[in-house]
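The values are calculated or read from the model by the stated rules, or taken from the named source; none is laboratory data. From a predicted model like this one, the values you see are computed outputs, not experimental measurements. Glycine also receives a Cβ, built like all others from the backbone with ideal geometry; neighbour counts cover every protein chain displayed. Each accessible area value is taken on the protein alone, full model and side chains, heavy atoms only, with ligands, DNA and RNA left out. Shrake-Rupley method; radii C 1.70, N 1.55, O 1.52, S 1.80 Å.
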Amino acid sequence: MLIKSKDKATPKSFEITPETSYWSRREWLKSAGILGAGLAAFGGAPLPAMAKDQNWQAILNDKLASSKKWPHSAQEELTPYKDVISYNNFYEFGTGKSDPVENSKDFKVDPWRVQITGEVGKPGHYTLEDIFRPHALEDRVYRFRCVEAWSMVVPWVGFPLGDLLKRFEPGSKAKYVRFETLVDPDRFPAQRFARSTIPWPYVEGLRMDEAMHPLTLMVVGVYGKTLLPQNGAPLRLMVPWKYGFKSIKSIVKIEFLEQEPDTTWQRLASREYGFYANVNPQVDHPRWSQKRERRLPNSIWDPNWVPTQKFNGYEEQVAPLYAGMNLRTHF
Ligand SMILES: Nc1nc2c(c(=O)[nH]1)N[C@H]1C(S)=C(S)[C@@H](COP(=O)(O)O)O[C@H]1N2
Ligand SMILES: [Mo]
């Protein structure tokens, strides 16, 4: 169990902006480009020809050094870095919370390709340099709520997933996006055993409008540094209004689909985990309440319970995605 740390982090570029920005729904939609011009096509660079592998870390380092503070960060105390990198769920490294930090020490990102496939104009196998190059990075502090009723406040570094997806030119039939994690028993020890805990690859999915929502982040760093393997290096999602299991790690495949894909946890226990998995204190997990959460760091003597908020506190921004939907049946 983790003990609450007394020392305060020194302010860095990723930290909290003063509450000067008033985050009204209207302001938000304007800044996200949803009002007025609408979702303008991403004006960034077209995809370059297959780039070399070795450059990605240097490119990422430059981008991390010049990342911009996002003006809408959560104004809450950050979960310390040591907790973010040592209390993890990443079943490819084992099911225990400390398995990922212990079993990922030798993890090598290279070589890495991301396959883009399905209902899309520019399918292919892309390098990390192809993926990163045109995107400016943002430091965004998000609340992060696991379905197991613990939570953190984390300064992620990334860029909007929608900006990346648009570069591949999704077709009109693309209604959903499906993501897969790497399968490689040499790099993920839990994949070496035939009788594994979950079927590989780990699979997640989003509806297209959820994937394009400006809050949905493609994460490449945390606390201003390159993402560590235990947090899903080199590329993981962060969908802050959904339970943590939607935020798939170490992505190697993005598929554009007409039909809703099957996802890992839904397949394993469809009564307990749905496709939507929106954080909702009014809809309990069949085995526990979702009304509150243990905010990390905590201890068994000081569980640090805080009330869970609908859509994890992002209701104003995302509720319109689910207008008219029954959130009890679509849990
Ligand atoms: N590939 C993969 N992605 C995954 C998981 C996993 O086991 N495998 N666990 C999920 C769950 S349940 C949570 S809570 C978050 C944990 O992210 P963190 O360890 O960076 O806090 O990752 C999610 N993404
Ligand atoms: Mo989770």
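Shape call for region 19-322 from the C-alpha gyration tensor, a ≥ b ≥ c root eigenvalues: rounded (a/c under 1.5), prolate (a/b greater than b/c) or oblate?
Verdict is rounded for region 19-322.
Could you compute the FRET efficiency for Asp302 and His330, with r as their C-beta to C-beta distance and R0 at 41 Å, rounded to 0.05?
Rounded to the nearest 0.05, the efficiency is 0.70.
Taking the Cα centroid of region 247-299 and of region 141-199, what is the distance between the two, rounded to the nearest whole Å?
12
Provide the per residue accessible area, probe 1.4 Å, for region 202-331, rounded to a whole number of square angstrom.
37
So what are the ³J(HN,Hα) numbers for region 127-133, from phi and the Karplus equation (6.51, -1.76, 1.60; θ = phi - 60°), rounded to whole Hz, Gly and Pro as x?
Using θ = phi - 60°, the values come out as 7, 5, 4, 4, 5, 7, 3 Hz.
Can you tell me the convex hull volume per residue for region 281-331, based on C-alpha atoms, in Å³ to the nearest whole number?
So the per-residue hull volume is 83 Å³.
For every other residue with a beta carbon closer than 9 angstrom to the beta carbon of Ala277, add +1 if it is Lys or Arg and -1 if Asp or Glu, then tell me the sum.
Value of the local net charge: +2.
Which order do the peptides 197-207, 69-79 come out in when sorted by mean C-beta neighbours inside 10 angstrom, highest first?
197-207, 69-79
If the reach is capped at under 16 angstrom between alpha carbons, list the aspartates and glutamates near Lys225, excluding any in the same chain fewer than eight residues apart.
Those aspartates and glutamates meeting the cut-off are Glu15, Asp62, Asp83, Glu138, Asp139.
What is the magnitude of the charge dipole of region 19-322 about its Cα centre, with +1 placed on the Cβ of each Lys and Arg, -1 on the Cβ of each Asp and Glu, and no other charges, expressed in debye to the nearest 20?
160
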